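Below you'll find the structure, written out as structure tokens, and then a few comments.
FYI, it's all coordinate maths here, none of it is from the lab. Keep in mind it's a predicted model, so treat the numbers as computed, not measured. Cβ placement follows ideal geometry from the backbone for every residue including glycine, while neighbour counts extend to all protein chains displayed.
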Amino acid sequence: MVTDGNGVCPHCEAYTGPVGTPCIRPECVKKNYLCIPIRWYDAAKAYSARKNKPIDPLVGRMIERYLLAANIGEGGMGSVYVAIQKPLFREVALKLISDLDLNRHSVGRFEREARAISLLDHPNIVKIHDYGVGDLDKKVPYMALEFLRHGRTLRKAFAAAAGTGKVEGALVLTIFRQVLNALGAAHAVGIVHRDVKPENVMVVPVHGDPNLVKVLDFGLARLDSDDSTFEGDAIASGRLAGTPYYMAPEQIPRKGASGDIDGRADLYAVTVMLFEILTGVRPFDGDSPLAVLARKLDPSFDPMNQPEAKALSKGIRTFLAKGLSRVPADRFASASQMLEALESVLETRASAVGLVVLEAPSSSDRIEVPSDQASASTPLAPLLPPDEPDPPAPAGGAASQVPQSPFFKESRFKKHSGGLELDMPEVIGAAVPASSTAMAAAGTAHPKGPATAGGSEQPSGSATPAGLPTGKSGPHTPVRTPTARISTPKGLSDAAMRTIAWALAGVVVLAILLSLAPWVIVQTRVAAAEEAMSALRIRLVQGGRFIGFESGALRPTGGADYLVLGATGTSEAGGPLNDPWGNPYRVRYLLDKRSYLLRSDGPDGEEGPCRGDEPQADDLCVLLAGR
């Protein structure tokens, strides 16, 4: 939701005014460009800079009552924009057919999707607000859908949740319960999705539920009660309707195929997704989509014979085998029946599951959706059942491995590697007398418990992790040795032992200082940058008024920023003034605050949120007075 606050024309990037105000510059009047929200302009500008191309020419145009604010995705038939619906100023996702795909078949498919969604009213299915035909130099069909802010595809959501390389079965059940409920609602009114896949399932964090599921893209949907007009000519022409890796065998055009497709085709696709998540590999893979389809039709190929599938429990294997049956009659009869079976096999053994991640462009290839709030979106958090064992290893005793395939890459997470472990909190947090040091160096048992083979100690019956203080620090707090048990060599005096102990302590302190050195350097530079920016503020602001342009201290960059010029210090005379990391100080006008912002890109040298706006932000910002 936005308000009609300050905006900017995305075409000339110079005219400003309330959101929705027509730009008065002659080149913008010809195309009827309007001002869009400043935050969407910044997002579109940053995206176009990364892609090294201008802002989408449709951004800033109106189609009916929708103001296109930013391009947020590309589809099979066109583009998806975030649009501002007037006069409500509500943000919606607006789908448009591209000029190249504007034909009878694409328009029919577009209408089919709109009609399918309009028949459905379920919290796990994306909602449609409007459908119509607008004018953007030519007649273009559009579809206004709910805007899923911070939504991620199912594949990316699971990748984000797998911080330890595993995803728990309870989380799988939470997600797929919603997927099956959505498909069950569609099947109940005679709609078959026909293109169920991870990219058409979104996980959206909302207040009170970080794992809300939305099923979308009903472009290939089929309505059982209206085959003649709703279906169009996709099947009649022998066109492949679906995604090869997830489509059911009956969806493959071939001689002798009956063409009867019902909801069990969608349940087949759901089983394929579950197979991937539970095993880490695809049930049907090949060097090409044609090879994948051939395997699905080959009666001699059984995906359950793969080693990764054999490692699963008997109940899960039975569930997957039923869902992947080539004959629809042998599969689950309904989404509710499949959900009941899934709850049975995953609740009785909620073991950790594998994960594969599809090769996909990085997040930088998509526009970064701006947030209305300073905090980031709620992360997808795995639901952790207590103390459940890992799946059994495959035959041969080796641990199950996720193989590499041409289309997938495994999620790799660093495992803890062995090495020297130091109990730093106690080493640096207590004054150690010679007697305690000698006792630790001699390998004498700690009063609270025996020493372990690795040298760190854990009191018996205590839940305190090794390496954390277990009691109050004081003059008699003993120090745990950071290495293996040390035996006292014969013939060494107490003085020699004290000398050795202090030498070891000196090594530890030196290691700590060396590890802290980079942090100290960064903090020193941050302090220097903050001091320099305070001085620049005095230079650019007088009497509460911004005088940067009048003083000649700024130079335009050709974009939205101005470089701050300096005469001394790290820069050449009259050149840009740089921060301690070598980045130029920049000034930008903030339309929403009606003020100027002086900023430094900080240690990473890349523009991001200001310190204080987000927990890990490193950019330094100073708000200057308005004109």
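Compared with the alpha-carbon gap, the fully stretched path from D137 to R588 is longer by 158.9 nm at 0.36 nm per residue. For K45, K314, K214, the sequence from fewest to most other C-beta atoms within 10 Å is K314, K45, K214.
Each Lys and Arg adds +1 at its Cβ and each Asp and Glu adds -1 at its Cβ; summed about the Cα centre, the range 6-146 shows a dipole of about 160 debye. Geometric descriptor of the range 102-187, per residue, is 138 Å³ (volume of the convex hull of the Cα atoms).
Residues M338, M304, M62, M202 in ascending order of nearby Cβ atoms (within 10 Å, fewest first): M304, M62, M202, M338. Proximity of backbone amide H atoms, modeled 1.01 Å from N, is registered between G73 and V80 at under 5 Å, excluding neighbours fewer than 5 places apart on the same chain.
The mean sequence separation of alpha-carbon pairs under 8 Å and at least six residues apart, normalised by the residue count of the range 6-146, gives a relative contact order of 15 percent. With 30 Å as the limit on Cα-Cα distance, the pairs of K255/K322; K31/K53; K214/K310; K95/K255; K156/K322; K197/K314 that go past it are K214/K310; K95/K255.
Take 324-332, 88-96 and order them by the average number of nearby Cβ atoms within 10 Å per residue, most first; the result is 88-96, 324-332.
In this structure, R177 and Q616 have a Cβ-Cβ separation that, at R0 = 30 Å, corresponds to a calculated FRET efficiency of about 0.35. Our estimate of slack between R25 and A294, defined as 0.36 nm per intervening residue step minus the Cα-Cα distance, is 91.0 nm. Exposure proxy ranking for S300, S600, S288, S313, based on other Cβ atoms within 10 angstrom of each Cβ and starting from the fewest, stands as S300, S288, S313, S600. When its C-alpha radius of gyration is set against 2.2 N^0.38 Å (N residues), the range 6-146 gives a value of 1.06.
Full extension of the chain segment joining F89 with S534 gains 156.3 nm, where the gain is 0.36 nm per residue of separation less the Cα-Cα distance. The relative contact order of the range 515-623, computed from alpha carbon pairs under 8 Å that lie at least 6 residues apart in sequence, is 18 percent.
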